[in-house]
1. Suppose the chain between Leu297 and Val244 were pulled fully straight at 0.36 nm per residue; how much longer would it get relative to their current alpha carbon spacing?
2. How do Ile156, Ile185, Ile269 rank when sorted from fewest to most other Cβ atoms within 10 Å of their own Cβ?
3. Could you list Arg152, Arg211 so that the one with the fewest beta carbons within 10 Å of its beta carbon is first and the one with the most is last?
4. Simple spin-label model, 7 Å along Cα-to-Cβ: Ser118 to Asp66 in nm?
5. Give the dimensionless ratio obtained when the Cα radius of gyration of the stretch 199-253 is divided by 2.2 N^0.38 Å.
6. Based only on other Cβ atoms within 10 Å, what is the fewest-to-most ordering of Arg174, Arg278?
7. Compute the separation of the alpha-carbon centres of the stretch 91-118 and the stretch 270-309 and state it in Å as a whole number.
8. Could you work out how far apart the two model spin labels at Lys128 and Lys199 are, taking each label as a point 7 Å from the Cα in the direction of the beta carbon, and quote it in nm?
Amino acid sequence: MGCAHGKCCNRDSSTSDEDSGHHQRGIRPYKNKDGLTQRSLELVHVPSHNFTLQYSSLTQNGYYPDTTDRENQDSFCIKTQIQGNPNVHFFGVFDGHGQYGAQCSNFVKDKLVEILSSDPTLLDDPLKAYNSAFLATNSELRDSEIDDALSRTTAITVLVVGDTLYVANVGDSRAVIAVKDGDRILAEDLSVDQTPFRKDEYDRVKLFGARVLSVDQVEGLKDPDIQHWGDEESHGGDPPRLWVPNGMYPGTAFTRSVGDSTAEKIGVIAVPEISIVRLTPSHLFFVVASDGVFEFLSSQTVVNMVRYM
């Protein structure tokens, strides 16, 4: 699982040299006995709106009792001062799946920000640049030496442009922001998981011929004609998945990803859903993390945990 978070509205009237640009405290990764790797808090000033963005990240292998040495396929990318602009910063988490999922996530986390950074229209039209970057990254992964026939990665990314967040999502990782409401700190989702639980996504992949079934349905333990699985919070670990019409693959539980040329034939696409948020003093911090976090913890629980870190 991977996670990156930023305190994004820490207004600062200081004009010292320390805050006039990217002040890096030093990237000091450390790993504890549980495989948790964390980077120390770092700071970057956003001069256009006079606040300091504080950010950090941590990652930990998921626990699989039968394969305790299983590779962590998640990766993350933090790139400040995109195109040399002190007001533009990028944060992303990428969750690889399949035999070559780790290679996919690492390729995409580098290539996506590289393409965004080289797009001259980025600041004029961030939405167009984001869409183009995701589709171009998907194409370049397809043309790379990585076998993505049954491997893929999700991507949840936040582009900070001054006081505005552009959140682009492909898959079931998530971004959430903490909002101060009186004495309460509330979690507000910045993205919507793209899974067959969503009727619009279910209908779209069905048009491409996808079979949508849980593993129990595929194995004959439950009626495959029942096309209702409750909601995402109560599926009990056996979510609906996508399968080719006459095969037992790919079995992806999300409807969008970067990579997976096989799943692409049944409607899995790399087109991001993009949301825009204008920051206010009520916004305290945001978190981007893989479903290795959000499969087990609600958005509110994650915000509560980060609040006291």
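A short reminder: the numbers here are calculations on the coordinates, not readings from a lab. As the structure is a prediction and not an experimental result, all values here were calculated from the model. Here the Cβ positions follow ideal geometry from the backbone for every residue, glycine too, while neighbour counts run over all protein chains shown.
1. 16.0 nm
2. Neighbour counts put them in this order, fewest first: Ile185, Ile269, Ile156.
3. Starting with the residue having the fewest Cβ neighbours, the order is Arg211, Arg152.
4. Spacing of the two 7 Å Cα→Cβ label points: 4.3 nm.
5. Expressed relative to 2.2 N^0.38 Å, the Cα Rg reads 1.05.
6. Details: Arg174 25, Arg278 9.
Ascending number of Cβ neighbours within 10 Å: Arg278, Arg174.
7. Centre-to-centre (Cα) distance: 20 Å.
8. Roughly 3.4 nm, to one decimal.
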